[in-house]
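Taken together, the values in this text are just the output of simple stated rules run on the coordinates, not laboratory data. Computed from a predicted model, the values in this text were never measured in an experiment. When we count neighbours, we look across all protein chains shown, and the Cβ atoms used for this are built from the backbone with ideal geometry, even at glycine.
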Amino acid sequence: MCRWYQQSVFYHIYPLGLCGAPKDNTSLETVHRFNELISWIPYIKELGCSAVYIGPLFESSTHGYDTRDYRSVDRRLGDNGDFRQFVSLCHQSGIRVVVDGVFNHTGRGFFAFRDIQEHKWDSGYKDWYRGIRFDCASPMGDPFTYEAWQGHYVLPVLNLKNPEVVRYLLDTVSYWIREFDIDGIRLDCANVLDFDFMKSLRLHCDSVREDFWLMGEVIHGIYSNWANPQMLHSVTNYELHKGLYSGHNDYNCFEIAHTIRRQVNETSRGLDLYTFLDNHDEDRIMSKLKNRHHIYTAYTMLFTLPGIPSVYYGSEWGMEGMRSSTSDDSLRPALTSGQAQKSRSELTDYIRKLAAIHREETAFHGGNYRELLLTNRQYAYERARNDSRVVTAVNIDEAPADIFVPLSGEAQPMDLLTGQTVPVENGKLKLHMEPYQSFIIKL
């Protein structure tokens, strides 16, 4: 059975940035910026996206990942009722909603940490965090110290071996499902989360909602260590992310194909990984590519290689942005839905066409992958599921190319991008490819 997330195209929103919220949450006033987020729903649907990953959302002190309250929407965005309405309107438009679950650490404003600050060793929450010691001070001036995520003492690390902490977080997930009707969670820092905690989370979510999706942020490693029947459904495919932009920059399709071959046959067999060209932590793909003409073949591969494709807000019209050593602000700009409509480009229309093809062809919903042709600058592969067979061919060269792609069985091939019939000669697809051209051929 094909699950909803296998069929989805995601639209990724960093809400505090998109809405232009203040960087520091110092006001007691609730500002209802969800009205702006709601205005994006028709645009997201028109683009062809059927799911939204939006986060972080819950009350924090600064960037959203230093949580103060897991059960209240960040007042800089609105209140719980605003988010409930957003999810309801997304569902009415056929769009699923996935939120950030920041369960590795909290902010220093979280109630359990504040209780330790107040009561010290007498606090009933002193075992809620890892590495709590009262024989020395923290760099933040506390009369105790603690384990901090990557040395950032504004982010004390939760003790996920503590049953009380686990129960609190599982109850929080139940609250999110009950109060907001969300469809899934993206686990922040999943690569360092406790495995037993993720197993408990999977069992809990399966018992609450059968089709609830768990996806984890994992950079390196064998992805099946995290994504498997006992833990998460999916993880972020940073390995393919790197292959897509560096393979284009080096005119080396072998890097991309090797990544897919390794994942399909070895490290991620049977998994539907979350694929992307950029996100709220990575430079925009348009800023990464040395040859901007490659943006089209990069998106072609994103939508047709194995995985669940995601588009980061603004990148669909070619937005640029690079992080600095001290700030991610340029990756997380304030935009309006009106700007989105005005900024539409040829690239936007191309992505909308790719999303429609992905939606219609079940071959892309967890279908098998088979490599058909590979050179440094040309790459062709087949995806197949049930009665859907689709061949994708790309030319990343600045020069035209003529290629012959082998076929198996009879075919009446048609390019889904143009609607034109593709010639067959001696049992092979005969393709004349212009520079940077893609074919998506239905057999």
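The table below lists the values:
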item: For the chain, with +1 on Lys and Arg beta carbons and -1 on Asp and Glu, the positive-most of L277, Y168, H258 along the dipole; result: H258
item: Approximate shape of region 179-249 as ellipsoid semi-axes (Cα gyration tensor, √5λ), whole Å, largest first; result: 26, 14, 9
item: Area projected by the alpha carbon convex hull of region 223-280, averaged over all directions, nm²; result: 4.1
item: Check: region 1-120 dipole with +1 on Lys, Arg Cβ and -1 on Asp, Glu Cβ, in debye; result: 240
item: The chain: mean projected area of Cα convex hull, nm²; result: 21.3
item: Förster radius 56 Å - calculated FRET efficiency between Q341 and D250 (Cβ-Cβ, nearest 0.05); result: 0.95
item: Fully extended contour minus Cα-Cα distance, from R262 to S93, at 0.36 nm per residue; result: 57.1 nm
item: Equivalent ellipsoid, region 97-177 (semi-axes from 5 times Cα gyration tensor eigenvalues, Å); result: 23, 14, 10
item: Percent of C-alpha pairs per 10 Å bin, region 356-431, short to long; result: 17, 52, 29, 2
item: Linear extension gain, F111 paired with Y175, 0.36 nm per residue minus alpha-carbon span; result: 21.3 nm
item: Backbone N under 16 Å from the S330 label point (7 Å along Cα→Cβ), restricted to region 268-296; result: 279-290
item: Stokes-Einstein translational diffusion, region 170-312 - Kirkwood Rh over all Cα pairs, 1.002 mPa s, 20 °C, in µm²/s; result: 133
item: Charge-dipole axis of region 26-133 as Lys and Arg at +1 and Asp and Glu at -1 on Cβ define it, positive-most pick from S123, G55, H91; result: S123
item: Net charge dipole size for the chain [Lys, Arg +1 and Asp, Glu -1 on Cβ; Debye, nearest 20]; result: 420
item: Translational D in µm²/s for region 244-356 (Stokes-Einstein at 20 °C, 1.002 mPa s, Kirkwood Rh from C-alpha pairs); result: 142
item: Whole-angstrom Cα spans of region 90-244 along principal axes, big to small; result: 51, 39, 27
item: Additional length obtainable on full extension of the chain from N162 to D387, 0.36 nm per residue less Cα span; result: 76.1 nm
item: Cross-link pairs beyond the 30 Å C-alpha cut-off, checked among K290/K428; K45/K161; K161/K242; K23/K161; K353/K430; result: K290/K428; K45/K161; K161/K242; K23/K161
item: Share of alpha-carbon pairs per 10 Å distance bin for region 1-158, given as whole %; result: 10, 34, 27, 19, 9, 1
item: Note, ³J(HN,Hα) from phi for region 147-156, Karplus 6.51, -1.76, 1.60, rounded to Hz, x at Gly and Pro; result: 7, 10, 5, 6, x, 8, 6, 7, 10, x
item: Three semi-axes of the equivalent ellipsoid, region 316-378, Cα gyration tensor, whole Å, largest first; result: 31, 20, 13
item: Cβ-derived FRET efficiency at R0 35 Å, R71 paired with K120, nearest 0.05; result: 0.85
item: For region 27-93, projected area of the alpha-carbon convex hull averaged over all directions, nm²; result: 4.6
